[in-house]
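Chemist: Following this message is one structure expressed as structure tokens.
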Amino acid sequence: MTNPDLTLAAETASPLGALHGEPLYLRRGGTSLLIDFSTGEPAMLHFGADLGPALPDLSLLGDPVPHSALDVPVTLGLIPQASSGWRGRPGLRGHRNGEAFSARLRVVNVERSGGEDCSAVITQADAEAGVTVRTEIRIHDGGLLQLRHRLDNDGDGSYSLDELAAVLPVGRAATEILDLTGRWCRESHPQRLPLRQGTWVRSGRHGRTGHDSSLLLAAGTPGFGNRHGQVWAVHLGWSGNHESFVDAAADGRTVIGASELLGTGEITLAASASYETPWLFAAYSAAGLDGISDAFYAWFRGRPHHPGARSGKARPVVLNVWEAVYFDHRLPVLLELADAAARLGVERYVLDDGWFRGRRSDHAGLGDWYVDDDLWPAGLTPLIDAVTGHGMEFGLWVEPEMINEDSDLARNHPDWIAGPAPRTAGGSRLPLQWRHQQVLDLVNPEAWQYIFDRLDALLRANNIAYLKWDQNRDLTEMGHAGRPSVHAQTRAVYRLLDELRKAHPGVEIESCSSGGGRVDLGILERTDRVWGSDCNDALERQTIQRWTGMVVPPELVGSHIGPTTSHTTARTHDLSFRAITAMFGHFGLEWDVRGLGDSERAELARAIALFKEYRPLLHSGRMVRADEPDPALRLHGVVSHDGGEALYALVSVATSFAEVPGRISLPGLLPEAGYRVEAVYPAPEDRRAFLQTAPPAWLAGGVEATGRFLAESGLPMPVLNPEHGLLLAVRRVTTADPAAEPAATSGHPARSS
């Protein structure tokens, strides 16, 4: 039987009487969450596909009781707990001096909202343990779910918290796990494994997100890919230590979740104190990983503070001078770079490491955030005036969270260096150096205030529109006053960014962490882009950007054209491959462009102009990725939400077993609409890019076909040399059957609202 009254119909917040057992049913954007309260505990029955407007009688759908088991069905609670019989990974671990170790949380209140809000707050408590947990849940328009807990210590004494996790159920159809891993200059690489009974855990103990962080942890149906299969995925919006996990219990139920990874004794709550978890972000897709990206992109772009949301300003083309000059800061050279950049069409010029006192290498100077008078006797003003005089913005590199032992700051305040024990006059053990630096203890109020004051003064004294905020080491043995402090340090960094943004709302900030060492939604709530990797090698960047882009939209991922020969891999690539790779991000240059030959300068200027032409589409459209059977070829693109235009990149990452690539599909277009497809870069006659006697005939002047034909049959593609690409522009020209279009706009199942 069905009961239409059990839909989420309330438009205003209202308390739930637990005795009534009314379920919580949140549904939006093609996703739904169902929680039952009939046992007094919030039992998670479903997270995934929209179940429709009406539910059956849930009292008839209880689980059976097997032999040799508890005498009642085991509840999978919003916070899984042993007191309800859950034998998997517990949601809450804590104690009072070794006692009150097993909480029995029960619902005391539920507040829910429907309509555009689609959210709820569930409060549970255990009077004997002396704890209350308040859980916030939201589902956004694109289907992305947010969940976090707050634990309050209601007891008289202290409560030691070891873990408080956010979890969600995964459908039984899931049989595979996919997550990401990596290292410096090779971030965001996927790995798959079968989902088996037990717990798969990814731990990050870097004190930052980490180069090997799993930006996305997903479980899905057999062989799920970019555009097929059911997928459940989570991300923890936190920049410190963390764990993400998939827990498959013996009873057949599976949960996916994450938590902050707390150090020994790191969180001890005094009476009436509280702890709040980071946000867990979760998405479900019935159409593969592209559907997961849809949900995350919709959330990012719906934020009021998303770059350009209020101002309408496009993401500027960047020149960062690092790979052009490194620490060699001579004003004439930097002025020449500014002139060359302006002629090419660059819109933002960034002065990187080396401008402050004592900074001639990475061995000294961190912490002394004053313009070096020896290098800059007139300050930064001459360079800033030249840059802004060309109509470009000026940006500056900083690394505020770190300190060199060879610095005036370290000599004057040795106690501001974080470590495993308080520093004394006789000295105490410091963590091992990393890139010749230590971590500045921003938990110390004086150190925090010093950094805020120095950055504030720099921004007030100079016309700086952008900070490249770097963080170049792991926080090993991170401690304040003898206690572990990764949690407090992360919160201090967040507060520093928040306060600077309040004081200087017009300044954009990039989060760089020796490349992609801190890419997460916690830092991206406070910054305007991330640096995906220190590696500008286009071949490496193809994978790094593809998988970073599963969660983070391209306008937030810095992607630059590096020198012809990469300084991190010594690999050499043609300009067309480097430019095509960089276009699908926040585009820029990291290259000494002063000495380019005429033909190379003209090609680079054309690539910049192409990016500007397609920038509105690239930074607003839907990302699509084909499931190519040939591992040597990759096709990805961006399609406008109205299906009117698209830009695709076909990339050859290796030599293929096949002589010719065959017909390649262009997914995501309106099936019944007509389109014109043209190759826009490089030119078909470019012999560096193509390895063929004759190209496909359509390549010379383009071809027209329906979206259905392009997706199902595809086009014969030219034979690309390895490590080359081809940019394809698609524009709508005719409509064969307008009535058939609305249901197929996204290429994914329609999302209900």
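The values are calculated or read from the model by the stated rules, or taken from the named source; none is laboratory data. Computed from a prediction, not measured in an experiment: that's the story for all the values here. Neighbour counts are summed over all protein chains in view; Cβ atoms, including those assigned to glycine, are modelled from backbone coordinates with ideal geometry.
Chemist: Would you be able to tell me the number of residues in segment 202-226 that are in contact with an Asp or Glu (Cβ under 6 Å, 6 or more places away or on another chain) and either hydrophobic (A, V, I, L, M, F, W, C) or more than 28 Å from Arg253 (Cβ to Cβ) (or both)?
Modeler: Here the count works out to 5.
Chemist: Identify all residues within segment 153-205 that are of a type in the set (D, E, K, R) and closer than 30 Å to Gly48 by Cα; write none if there are none.
Modeler: Within segment 153-205, Asp162, Glu163, Arg172, Glu176, Asp179, Glu187, Arg192, Arg196, Arg202 qualify.
Chemist: Still on this model: What strands (runs of 3 or more DSSP E), lying completely within segment 606-706, carry at least 1 residues that are closer than 21 Å to Ile580 by Cα and in contact with a His (Cβ under 8 Å, 6 or more places away or on another chain)?
Modeler: 622-625, 645-652
Chemist: Within segment 361-413, how many residues turn out to be crowded, with 16+ Cβ neighbours inside 10 Å and of a type in the set (S, T, N, Q)?
Modeler: 2
Chemist: I need a count of the residues in segment 236-283 that are of a type outside the set (Asp, Glu) and touching a helix residue (DSSP H, G or I) at 6+ places or on another chain (Cβ under 8 Å).
Modeler: 10
Chemist: Continuing with the same structure: Looking only at segment 307-349, count how many residues are closer than 12 Å to Met392 by Cα and either charged (D, E, K, R) or under 24 Å from the mean Cα position of the chain (by Cα) (or both).
Modeler: 8
Chemist: Give the residues of segment 48-92 that are touching a residue at least 12 places away in the same chain (Cβ under 8 Å) and among the hydroxyl-bearing types (Ser, Thr, Tyr), sorted by residue number.
Modeler: Ser59, Thr75, Ser83, Ser84
Chemist: Give the number of residues within segment 19-31 that are free of Cβ contacts under 8 Å to residues at least 60 places away in the same chain and in a strand (DSSP E or B).
Modeler: Count: 1.
Chemist: In a loop (DSSP other than H, G, I, E, B), modelled with pLDDT of 95 or more and not assigned by TED's automatic domain parsing to the domain that holds Leu145: which single residue out of Asp339, Asp368 fits that description?
Modeler: Asp368
Chemist: A further question on this structure: Would a scan of segment 514-526 turn up a residue that is within 21 Å of Gly725 (Cβ to Cβ) and in contact with a Cys (Cβ under 9 Å, 6 or more places away or on another chain)?
Modeler: Checking segment 514-526: not a single residue is within 21 Å of Gly725 (Cβ to Cβ) and in contact with a Cys (Cβ under 9 Å, 6 or more places away or on another chain).
Chemist: Right, another one. Looking only at segment 533-572, which residues are surrounded by fewer than 24 Cβ atoms within 10 Å (Cβ to Cβ) and within 17 Å of Pro682 (Cβ to Cβ)?
Modeler: Leu539, Gln542, Thr564, Thr572
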